[in-house]
Structures are given as C-alpha cells and as structure tokens.
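Below: the structure, in structure tokens.
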Amino acid sequence: MRNALIQAAIELAGEGGPDAVVLRAAARKVGVSATAAYRHFDSHGDLLGAVKAHGQQRLVACMEAGGREVHGEGPEGARQRMMALGRGYIRFARQEPGLFRTAFCRKALGGVGITEDGSVIEAGGASGWDTRSFDMLTETLDEAVAVGLIAPDRRPGAELSAWAMVHGTAMLFLDGPLDALTEEESGYVVDRVLHDVLAGLAAA
C-alpha cells in the first residue's frame, strides 16, 4: 500500500505542487482510509520526502537524456555537456511544474554552507541536499576545469552561481514573464543564460 500511496501523492504533486501532497488526499485516491494510510508513514514529511525523491529522479533522467547526446571531448565537449544539462533542467521544470516545485520544496530540502574559499558544503539538517542533479553539476564543472574551459580560481562555489541562474530562469518560465514566449524565443533565452554562465566562469 505504501507504494500505491506514494504514486497517488506523485499524481497530486503533478497536479498542484507540494501543497497538494496531503496523506488524506492520497488515501482517497487509493481508496483506503486515512487511518490505514498513516500506518505506512511516520509523518506528512515522510510522504513528501518520498515524492521529492521521485521528482529529483525524474529531473536527473531529463538532464541525463540531454547529456547523452553530447559525445565531444575537451573544452567544447565540456561546454556542450554543461549546456545540455542546463537545458534538461529547464525542460523538466516546464514539462512537470508541479513535480519540479515539489522536488525543491523547502519543507523537504536541507541547506548548505560555504567555506572561506567559497566552496559549497552541507549544513546541519541538509539530508535532502545530496541529490544526483547537484552531483551532475559539480562533476561537469570539475570536468570543465580539467580541460581548461573554466579557470581553477573560479571553481570554488561555481555550482551556486550556475544553479542560481538556471533555477531562476526555470522559475521565470513557471511564474514570471517568460511563460508567454514562443518556443523559438524560449530556446534563445535558455541558451543565452547558459552561455553567460559559462562566459562568467571561463578561463582567460
């Protein structure tokens, strides 16, 4: 029954975002009582965390799909991989807005800290931070440094600036003025943002 309730909650998230993920509503979808449903989850946060994990998995799949299309090596290959990951991230947000919002809802996401050199570290209670989507970004940035695309002294904390710009763009498509753009215009905006991220980090 737990899996059925999670699937129902995933559908609720797709329809209405994290606020729609309510155990009683999931129980109604499955056709069981709320009392029976509560036997399978310690709390509402337990259910929300399961849906969040699914959302992160779907996001990763969308990012990986774009990355698999890139086969180049060296600086150009790393640049194309960064662009592909960013496009996949924004594509998922636009195709699955409710699930995207749930994947990053604050109730189920931890925080981070920053070291003196600007590197990102997990802060207390950051159990939801260690996601594959974030790992993919850090790995691709490390590759970009290794092949000379990004200056080593620009690497510490680069995942924050890159993520903030891409995530911010995604939210502007969902809740801001970018939602009225045509597909051609949207493609231009996404590529321009990703180009500017890389240009700001580029080695001299």
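The values are calculated or read from the model by the stated rules, or taken from the named source; none is laboratory data. Quick caveat: nothing in here was measured; it's all calculated off a predicted structure. So basically every Cβ, Gly included, is an ideal-geometry build from the backbone, and we count neighbours across all protein chains shown.
Of the residues making up the range 30-72, those that are under 24 Å from the mean Cα position of the chain (by Cα) and among the hydrophobic types (A, V, I, L, M, F, W, C) are 47, 48, 50, 51, 53, 59, 60, 61, 62, 63, 65, 70. I need the full set of residues from the range 88-140 which are at pLDDT below 70, buried (at least 17 other Cβ atoms within 10 Å of the Cβ) and part of a helix (DSSP H, G or I), in order please. Across the range 88-140, the qualifying residue is only 108. Pairing residues of the range 175-186 that are closer than 17 Å to residue 95 by Cβ with residues that are surrounded by 12 or more Cβ atoms within 10 Å (Cβ to Cβ) and of a type in the set (A, V, I, L, M), at Cβ distances under 6 Å and at least 6 apart in sequence or on separate chains, gives 178/172.
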